[in-house]
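No lab work stands behind these numbers, since they all come straight from the coordinates. Since the structure is predicted, the reported quantities are computational estimates derived from the model, not experimental observations. Glycine gets a Cβ as well: all are built from the backbone with ideal geometry, and neighbour counts include every protein chain shown.
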């Protein structure tokens, strides 16, 4: 779902990546991030195109950033909302950096990145809340499945 700024999105895909991270770990989360971007670009018909490289860089870098966040979360140093915001900031930074490199225009980093970083805070907060509530709901379901 696009926001008022071109390229800005709520970050629904990060919900799935972060939930996968919490439930199954890093390897599964990075696998989901990579497969999601590859399949999405194939279905949209832009595999190895400009959009693919933006999506892929954002997904991989945000997953790596969330790995650091999850490490801190498991030690009760940060909340899942902070992990989600970290992922949103990393995602936006990676995408704008990739776009700047591809089109060879550093001004994107100077002019566009600050706006996207400001938007990363409320979108990361929102996705973090969804992850918290989804994790609580899923933990009961997963616990019941493991008992049977």
Problem set entry | Cα-Cα pairs of segment 12-147 separated by more than 22 Å (percent) | 40 percent
Exercise. Mean residue ellipticity at 222 nm from the helices of the chain, using -39,500 (n - 2.57) per DSSP H segment of n ≥ 4 over the full residue count, to the nearest 500 deg cm²/dmol?
Worked result: -28000 deg cm²/dmol
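Kindly state, to the nearest 0.05, the FRET efficiency for residue 46 paired with residue 106, given R0 = 35 Å and r defined as their beta-carbon distance.
0.90
Sort 104, 74, 36 so that the residue with the fewest other Cβ atoms within 10 Å of its own Cβ comes first and the one with the most comes last.
Ordered by Cβ neighbours within 10 Å, fewest first: 104, 74, 36.
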Exercise. What is the helix-to-structure angle for 26-44, meaning the angle in degrees between its Cα long axis and the longest Cα principal axis of the chain, kept from 0 to 90 and rounded to the nearest 10?
Worked result: 50 degrees
Exercise. What is the distance, in nm, between label points placed 7 Å from the Cα along the Cα-to-Cβ direction at residue 31 and at residue 125?
Worked result: 3.5 nm
